[in-house]
1. Any idea which of (1) within 20 Å of GLY37 (Cβ to Cβ); (2) at pLDDT below 95; (3) over 13 Å from the mean Cα position of the chain (by Cα) is the one ILE104 doesn't satisfy?
2. Against the condition assigned to a loop (DSSP other than H, G, I, E, B) and free of Cβ contacts under 8 Å to residues at least 40 places away in the same chain, how does VAL5 come out, does it pass?
3. Of all residues in the range 1-28, which are within 21 Å of GLN50 (Cα to Cα) and among the β-branched types (Val, Ile, Thr)?
4. Give the residue that is nearest to VAL100 (Cα to Cα), with candidates limited to residues of the range 20-46 that are in a strand (DSSP E or B) and at pLDDT 95 or above.
5. Just checking, how many residues over the range 29-84 are of a type in the set (S, T, N, Q) and more than 12 Å from the chain's Cα centre (by Cα)?
Amino acid sequence: MSYRVLDISTIEGRRKLVASGLQARVIRMNQFDNDPGQAGKEHDERSSGQEEIYTALRGSGVIRVEGEEIPLEPGRYVLVEPSTTRQVLAGPDGLSYLIVGAEI
């Protein structure tokens, strides 16, 4: 098939495996829906070798990169290298955000 469609409303839970749901072979993409004040896991991607781009879909919050807090809001994109520690923190209204990753 030359295309696939995924309706995100059919996926339950905080973490939504978008690329897997579309059976993507190379692209990695996940949507996370964080409650107000909820923090994601602090991590790096050394083991996967993936660089990642973070962007907010709805709400607001910050991405903490090596201790520096960068605001996440719709229309802003943040690229993080594999060896860099990162953590997403939702603001008072919650945060729905998308991560797109690829191995370099």
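The values are calculated or read from the model by the stated rules, or taken from the named source; none is laboratory data. It should be emphasised that the depicted structure is a prediction, and the values quoted were computed from it without experimental measurement. FYI the Cβ positions are ideal-geometry reconstructions off the backbone, even for glycines, and counts take in every protein chain you see.
1. ILE104 satisfies all of (1) within 20 Å of GLY37 (Cβ to Cβ); (2) at pLDDT below 95; (3) over 13 Å from the mean Cα position of the chain (by Cα) except (1).
2. Values: assigned to a loop (DSSP other than H, G, I, E, B): yes; free of Cβ contacts under 8 Å to residues at least 40 places away in the same chain: yes.
Considered against the rule, which asks whether it is assigned to a loop (DSSP other than H, G, I, E, B) and free of Cβ contacts under 8 Å to residues at least 40 places away in the same chain, VAL5 comes out as yes.
3. If we filter the range 1-28 for residues that are within 21 Å of GLN50 (Cα to Cα), which is where we start, we get 15-28.
Across the range 1-28, the qualifying residues are VAL18, VAL26, ILE27.
4. Applying the first criterion (in a strand (DSSP E or B)) to the range 20-46 yields 28-34, 39, 43.
Okay, now just the ones that are also at pLDDT 95 or above, so 29-34, 39, 43.
Values: MET29: 4, ASN30: 7, GLN31: 9, PHE32: 12, ASP33: 15, ASN34: 17, ALA39: 19, HIS43: 15 Å.
Looking at the filtered set, the residue picked out is MET29.
5. Start the filter on the range 29-84 by keeping residues that are of a type in the set (S, T, N, Q), which leaves 30-31, 34, 38, 47-48, 50, 55, 60, 83-84.
Within this subset, residues satisfying the condition of being more than 12 Å from the chain's Cα centre (by Cα) are 38, 47-48, 50, 60, 83-84.
Within the range 29-84, residues that are of a type in the set (S, T, N, Q) and more than 12 Å from the chain's Cα centre (by Cα) number 7.
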